[in-house]
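Following: one structure in structure tokens, then a few remarks.
Read-outs: derived from the displayed coordinates by stated rules, not from any lab. A quick note: this is a predicted structure, and the numbers were derived from the prediction, not measured. Cβ: placed from backbone, ideal geometry, glycine included. Neighbour counts: every protein chain shown.
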Amino acid sequence: MTGDTTEAESPPGSGAEYARLAEYAVRRLSRYIEECHRAIEPVSGIAPLSEVIVKLSLDRWIREGGMDAGAFESFLEEYLRYSARLHSPAFIGHQTAAPDMPAAVADLIHGAINNPMAVYEMGPSAVAVEFALLNWMITKVGWQPQPQPGASGVSAHAAGVLTHGGSLANLTGLLAARARTAPEAWREGVPADLAVLVPENSHYSIARAVAILGLGERSIVRMETDERGVVRPERLDAALAQVRNEGRRCMAVVANACATATGLHDPLAAIGEFCAANGLWFHVDACHGASALLSPRYRGRLEGIGLADSLVWDAHKMLQTSSLCAALLVRDARDFEGAFHQEASYLFYGSNADGIDFARRAIECTKAGLGLKVFLNLAMRGEAGLGEFVESRYRLTHEFWQRLRGRAGFDCPYEPESNILCFRYGEDDALQIAIRDRLLRSGRFHMTSAVVGGNRYLRLTVINPHTDLATLSALADAIEEIASELGGPC
Ligand SMILES: *Cc1c(COP(=O)(O)O)cnc(C)c1O
């Protein structure tokens, strides 16, 4: 057992118990982070579920309780053993951040004070942080920030809300779109003539949102794309004409910035101009890519993002916070009023004179103080620091792509535009899956796989700040090695 306090001095529920457990956890976790940085442990903690349940003694703890501080230490040890190590440079898997330290500490603060701040009185600091942070994001997009409550001479402005993840933010954005095209839908139910233009390779949360909103998947009209899966804006006219000829109304046009599988950007300016010219709601799913707005070198990839009516920006991807934290931003704040027509008499008593009740804009009722995670990263690293992180990851991905292109046996289907890269070794789909599986099980690299243009590829996301060219060269070596053991590529 560690720590200076004994169990008698730290009774259950006391601040002293908190200190005792937290001090141990923080010390152990800081060692875990250091070990991950040096890639001492395998990057993956994968094992059969049945084994993990036994090793963590889950059945026993649930049945008997009685975990004391000493047992907690052993439990944490096992818990960390079976964790995916996002802090390892060999983590090049899913688009989730190795949280930067200020953001990680924000989670600790929320965990202790628990200010579920969807109504102002439940966390004035958290509301103020979310308000200021959203306005910072809004300014980065090039929109008018929201004035403070009670400001005079208010003109048109944008607004936003932080949600528990990009999927929920996409749903909220499309709900606002539905309210504009079919305001009666909230009361009367959804009319049958709505359609949504969606890129072929949009994130699955878009199709889910459409289904959840009651439009039915049949209302999704897939937009034509090139061989890389990027939307061809010159084909939008025809797509819209088809929708209208079928007697349907286009509720929204969705674009990727960037696409989850490939990391490629749809041409936002061209699509946005098309939407503006035709009076269509433009929803930009910039979950992954919006953070490039902070990079002078790469923000051009997002040109036209300001034409969006709604856009989604995940902080738990490239702003290095823990999951979850996403922003939904709408160009015209009034669109939030249409989105949720409900009133909850126990939460809202007329308009709030002191602050803002974010619950009016959110699907969630109880909501965590998500803004602090982003805010502390921003305050400690500075906007330039956050931008440099994005830039370094994008640049490294491009450098690796250049190396890989010249290497025998490797094939890259496109030039990367972000920190997501698809490539394959040989041409056999099954080989790619086998390679990924071996890398994961051996704990050497945690990477993913995706289908592009009908072919299976290996896919990596350079999102850990410690990944460098040497890490990625070692990956290429490991892939060659595994492929030769497996008898490919021939
Ligand atoms: C990651 C991602 C999402 C999903 O966001 P979550 O925060 O995981 O719910 C949606 N769209 C795109 C383009 C993404 O990259």
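Details
- Under 9 Å, Cβ to Cβ, from residue 381 - net charge with Lys/Arg +1 and Asp/Glu -1: -3
- Calculated P(r) tail over 28 Å for the chain, as whole % of Cα pairs: 58 percent
- Alpha-carbon centroids, region 390-421 and region 228-301: separation in whole Å: 24 Å
- Burial ordering of 401, 281, fewest other beta-carbon atoms within 10 Å first: 401, 281
- Lysines whose Cα lies under 27 Å from that of residue 317, excluding same-chain neighbours fewer than 8 positions away: 140, 367, 373
- The chain, helix-only ellipticity at 222 nm - DSSP H runs n ≥ 4, -39,500 (n - 2.57), divided by all residues, nearest 500: -13500 deg cm²/dmol
- Residues 479, 113, sorted so that the one with the fewest Cβ neighbours within 10 Å comes first: 113, 479
- Euclidean distance of C-alpha centroids, region 85-140 and region 13-68, integer Å: 22 Å
- Loop-resident sites, region 199-228, for trypsin sites (Lys or Arg not before Pro), counting at most 16 other Cβ within 10 Å (DSSP): 228
- Total formal charge among the other residues, if their Cβ is under 15 angstrom from that of residue 436, Lys/Arg +1 and Asp/Glu -1: 0
- Under 14 Å, Cβ to Cβ, from residue 87 - net charge with Lys/Arg +1 and Asp/Glu -1: 0
- With the simple spin-label model, which puts each label point 7 Å out from Cα in the Cβ direction, the residue 468 to residue 379 separation comes to 3.2 nm.
- For region 373-466: rounded, prolate or oblate by the Cα gyration tensor [a/c cutoff 1.5]: prolate
- The length gained on full extension between residue 30 and residue 125, counted as 0.36 nm times the residue separation minus their Cα-Cα distance, comes to 31.4 nm.
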